[in-house]
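Asker: Sending over a structure as structure tokens; questions will come in a sec.
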Amino acid sequence: MFYKIFFKPLLDVICACLGLLILAPLFIVLTVILTFANGGKPFYTQTRTGIHDRLFKIIKFRSMNDKCDLEGKLLSDEIRLTSVGKFIRKTSLDELPQLLNVVKGDMSFIGPRPLLPEYLTLYSKEQRKRGTVKPGISGWAQINGRNAISWEKKFELDVWYVHNQSLLLDLSILFKTIKKVFVSEGISQEGEATTTRFKG
């Protein structure tokens, strides 16, 4: 309990601030490259659900452009995913700006991934338990399949994490996340740029 309530939030903020300081040159370079690649829009923000269903704006590096069809509707994710976007997703560099979310207290380094508010009404009673902890940049479901596994399996893994979180588990997830980044596993479901939408 001490780890969850006091030590983990403090550790998150300290490490996120250090991360932003150390990675500042990379952050600046990616911002410049993506500004040119995405028509002046290097960042992508979206409303997500945080702890206890609180809403916040997640920030990521933009990996897709805003190309539309003749009717003005956005093309599919797979088509809009740019070559630079593929690279930053493969290396998980698109997640780098979420260090700002960690500093603000919206997110943790480790926890269930923050999902869309529209999914809130679709969760089962058991699945809603994932919202009792801060969402994370990486998590137990991320290192056990990421986008390549079903929504049901993701939620099962998320709830397991809620009941078993500890410093040792978080460190284990962190090191395995680094390994996953290097081998580029589970980035997307078959036939999708990322994953399918959750439908309950």
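Asker: Treating only the Cβ atoms of Lys and Arg (+1) and Asp and Glu (-1) as charged, compute the dipole magnitude of the chain about its Cα centre; round to the nearest 20 debye.
Answerer: On the way: 29 positive and 19 negative charges, 57 e Å.
Roughly 280 debye for the chain.
Asker: A follow-up question, please. Nearest 5 percent is fine: what portion of the DSSP beta bridges confined to the chain is antiparallel? Before the final figure, lay out the partial values.
Answerer: Numbers: 9 of 11 bridges.
Roughly 80 percent of the beta bridges in the chain run antiparallel, per DSSP.
Asker: Full-extension gain between LEU171 and CYS15, please, as 0.36 nm times their residue separation minus the C-alpha to C-alpha distance.
Answerer: Working: separation 156, 0.36 × 156 = 56.16 nm, distance 1.28 nm.
Here the answer is 54.9 nm.
Asker: A further question on this structure: Applying 1/(1 + (r/R0)^6) with R0 = 22 Å to the Cβ-Cβ distance of LEU75 and LEU116, what FRET efficiency is obtained, to the nearest 0.05? Mind showing how you got there, number by number?
Answerer: Details: r = 20 Å, r/R0 = 0.90.
The formula returns an efficiency of 0.65 here.
Asker: Then there's this: Once label points are set 7 Å from the Cα along Cα→Cβ at both ASP53 and VAL183, what is their separation, rounded to one decimal in nm?
Answerer: Distance between label points: 3.9 nm.
Asker: Still on this structure, I have one more. Among rounded, prolate and oblate, which fits region 1-75 when a ≥ b ≥ c are the square roots of the eigenvalues of its C-alpha gyration tensor, a/c under 1.5 means rounded, and a/b larger than b/c means prolate?
Answerer: Working: a/c = 5.52, a/b = 1.58, b/c = 3.50.
Verdict is oblate for region 1-75.
Asker: So, R0 is 30 Å and r is the distance between the beta-carbons of LYS4 and LYS67; what FRET efficiency does that work out to, to 0.05? Each step should come with its number before you reach the end.
Answerer: Values: r = 43 Å, r/R0 = 1.44.
It comes to 0.10.
Asker: Identify which of GLN142, GLN165, GLN98 has the largest mean-square fluctuation in a Gaussian network model of the chain, with springs joining Cα atoms closer than 10 Å.
Answerer: Checking each option, the largest mean-square fluctuation is seen for GLN165.
Asker: If R₀ is 25 angstrom, what is the calculated FRET efficiency for the pair ILE33 and ALA148, using the beta carbon separation as r and rounding to 0.05?
Answerer: The formula returns an efficiency of 0.35 here.
Asker: Next question, about the same structure. Report relative contact order for the chain in percent, whole number only (criteria: Cα-Cα under 8 Å, sequence separation at least 6). Intermediate results must be reported in sequence, preceding the final value.
Answerer: Values: 280 pairs, mean separation 41.5, N = 200.
Once divided by the residue count of the chain, the mean separation gives 21 percent.
Asker: Right, here's the next one. Using the alpha carbon gyration tensor of the chain, what are the three equivalent-ellipsoid semi-axes (square root of 5 times each eigenvalue), largest first, in whole Å?
Answerer: Details: eigenvalues 141, 91, 49 Å².
The equivalent ellipsoid of the chain has semi-axes of 27, 21, 16 Å.
Asker: Please sort through the DSSP H helices of the chain and keep those with an alpha-carbon extent of at least 15 Å along the long axis and a Kyte-Doolittle average not below -0.5.
Answerer: Values: long enough: 8-22 (21 Å, 1.97); 24-37 (19 Å, 2.50); 151-164 (20 Å, -0.94); 167-183 (24 Å, 1.49).
Answer set is 8-22, 24-37, 167-183.
Asker: Can you tell me the length gained on complete extension of the stretch ASN164 to ARG197, counting 0.36 nm per residue apart and subtracting the Cα distance? Before the final figure, lay out each step's value.
Answerer: Numbers: separation 33, 0.36 × 33 = 11.88 nm, distance 2.71 nm.
Using 0.36 nm per residue and subtracting the Cα-Cα distance, I get 9.2 nm.
Readers should treat all values here as calculations from the given coordinates under stated rules, not as data from a laboratory. Please read these numbers as outputs of a predicted model, since none were measured by experiment. Methodologically, a virtual Cβ is constructed for each residue, glycine included, from the backbone with ideal geometry; neighbour enumeration extends over all protein chains shown.
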